[in-house]
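Let me begin by presenting the structure, written as structure tokens, before commenting on it.
Every number here is computed from the coordinates shown, using simple stated rules; none is lab data. What you see is a predicted model; the values in this text were computed from it and never measured. Using ideal geometry, Cβ is built from the backbone for each residue, glycine included, and neighbour counts are taken over all protein chains shown.
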Amino acid sequence: MLRDLPLDQRTLAPYLTWAPQRYTRNLIARDDDVELIALCWDAGAISAIHDHADSDCAFVLVRGSVTCENFRLVRPQDAAGSARVKRTGSRVMRPGNIDMASGHLSIHRVGADAGGAVTLHVYAKPIEACTHFDDDGNARVCASRYDSVPA
């Protein structure tokens, strides 16, 4: 569906907010089954390595360039909050490219190659929280938040 979406970037304009040196999560629409979010990526902005909890996600790059790194879980999280992931590959995404992730099995990190990138994310079941993994082997559940919500 995202691949064939005829998107006029002007329709996204009310949902695009920016912050220096990070990305913003801007809610467009949400109900009990789905959520649509525009992410705006400043230069050097990068997400944490993360899964998608029990939600499916697809995103399309609307503008700019981002790198998507994929990981796999090597050691599941233990009681102390320790886990290990291993990088399995990466790809540079250009406008129109799509990435898909499915729940706990899909682990990735996305980062802007330059400022001004915009990605449009669809979550099948809104994502309330997900697990973040760091390079030191720590894992923690982080609540999702929005930088802007439509009036």
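Details
- Extension gain for the segment Val74 to Val141, taken as residue separation times 0.36 nm less the Cα-Cα distance, is 22.4 nm to one decimal.
- Label-point gap, in nm, between Ala114 and Asp32 - each point 7 angstrom along Cα→Cβ: 4.5 nm
- Charge dipole of the chain (Cα centre as origin; +1 on each Lys and Arg Cβ, -1 on each Asp and Glu Cβ, all else neutral): 420 debye, rounded to the nearest 20.
- One equal scatterer on each Cα of region 77-137, no solvent, Debye formula: the resulting log10 I(q)/I(0) at q = 0.14, 0.25, 0.27 Å⁻¹ is -0.56, -1.34, -1.39.
- Listed values for region 134-141 are Karplus-derived 3J(HN,Hα) couplings in whole Hz (6.51 cos²θ - 1.76 cosθ + 1.60, θ = phi - 60°), namely 10, 5, 8, x, 8, 10, 8, 7, and x replaces Gly and Pro.
- Normalised by 2.2 N^0.38 Å, where N is the number of residues, the alpha-carbon radius of gyration of region 110-151 equals 1.49.
- Between Asp134 and Val92, the simple spin-label model (points 7 angstrom out along Cα→Cβ) gives 3.0 nm.
- Bins of 5 Å, starting at 0 and running to the largest distance - Cα pair percent for region 9-143: 2, 11, 20, 23, 21, 14, 7, 2, 1, 0
- Along the chain, longest interval not containing exposed trypsin sites (Lys or Arg not before Pro), exposed being DSSP loop plus at most 11 other Cβ atoms within 10 Å: 4-144
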